[in-house]
1. Quick one: THR77 ticks every box in (1) surrounded by 13 or more Cβ atoms within 10 Å (Cβ to Cβ); (2) among the β-branched types (Val, Ile, Thr); (3) at pLDDT 90 or above; (4) part of a loop (DSSP other than H, G, I, E, B) except a single one, so which number is it?
2. Within region 1-31, track down each residue that is under 19 Å from SER50 (Cβ atoms), open to solvent by 70 Å² or more (accessible area, probe 1.4 Å) and hydrophobic (A, V, I, L, M, F, W, C).
3. I'm told ASN61 meets every condition in (1) under 23 Å from PHE95 (Cβ atoms); (2) open to solvent by less than 90 Å² (accessible area, probe 1.4 Å) except one. Can you identify the failing condition by its number?
4. Does region 92-105 hold any residues that are on the phi < 0 side of the Ramachandran plot and either open to solvent by 100 Å² or more (accessible area, probe 1.4 Å) or touching a helix residue (DSSP H, G or I) at 6+ places or on another chain (Cβ under 6 Å) (or both), and which are they?
5. Does TYR66 satisfy the condition of being more than 24 Å from ILE93 (Cα to Cα) and within 18 Å of the chain's Cα centre (by Cα)?
6. Could you list, in sequence order, all residues of region 35-48 that are open to solvent by 50 Å² or more (accessible area, probe 1.4 Å) and under 13 Å from the mean Cα position of the chain (by Cα)?
7. For region 1-56, give me the residue count where each residue is modelled with pLDDT of 95 or more and aromatic (Phe, Trp, Tyr).
8. Against the definition (of a type in the set (A, V, I, L, M), under 13 Å from the mean Cα position of the chain (by Cα) and not in a loop (DSSP other than H, G, I, E, B)), how does LEU17 come out, yes or no?
Amino acid sequence: MEHEFGGFPWEPQARKLLDEQSPITYVAQIHTPLLIIHGSQDFRTGFSQSEMLFRSLKQLNRPVEYIRYPAIGHELTRSGPPLQRMDHMLRIIEFFERYAHNDRPAPVEQKAESTGSDRSR
């Protein structure tokens, strides 16, 4: 903390920087739907911070959702069980489909219908 922020949280210079960079400082200005995803074993950003942001937005009646994956750290998109990583990706896609207001469907690869007579080997 001392080297990253120029001091400790209780020192005025570091406190000023931490407050300027904290989402909770600007929570009243957040109106865009927000999906907060956090790993319970994230030691870089404690989940108490994401919970505080989530609860604050709920109190303000803002559109917010919170997902916390058990036993996953900060690298939750690049590590962990494949099913959990797939769940993570699908939740993000579903969230954007709900809030992006896009009439086009999500791009998916369409497989050609098989008639059974043409079997490639």
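The values are calculated or read from the model by the stated rules, or taken from the named source; none is laboratory data. Just so we're clear, the structure is a prediction, and the values are computed from it rather than from any experiment. Cβ: placed from backbone, ideal geometry, glycine included. Neighbour counts: every protein chain shown. SASA here: full protein model, heavy atoms, side chains in, ligands and nucleic acids out. Shrake-Rupley method; radii C 1.70, N 1.55, O 1.52, S 1.80 Å.
1. (3)
2. Matches in region 1-31: MET1 only.
3. (2)
4. Residues satisfying the conditions are PHE96, GLU97, ASP103, ARG104, PRO105.
5. So TYR66 does not fit the description; no.
6. Correct list: PHE47 only.
7. Number of matching residues: 2.
8. no
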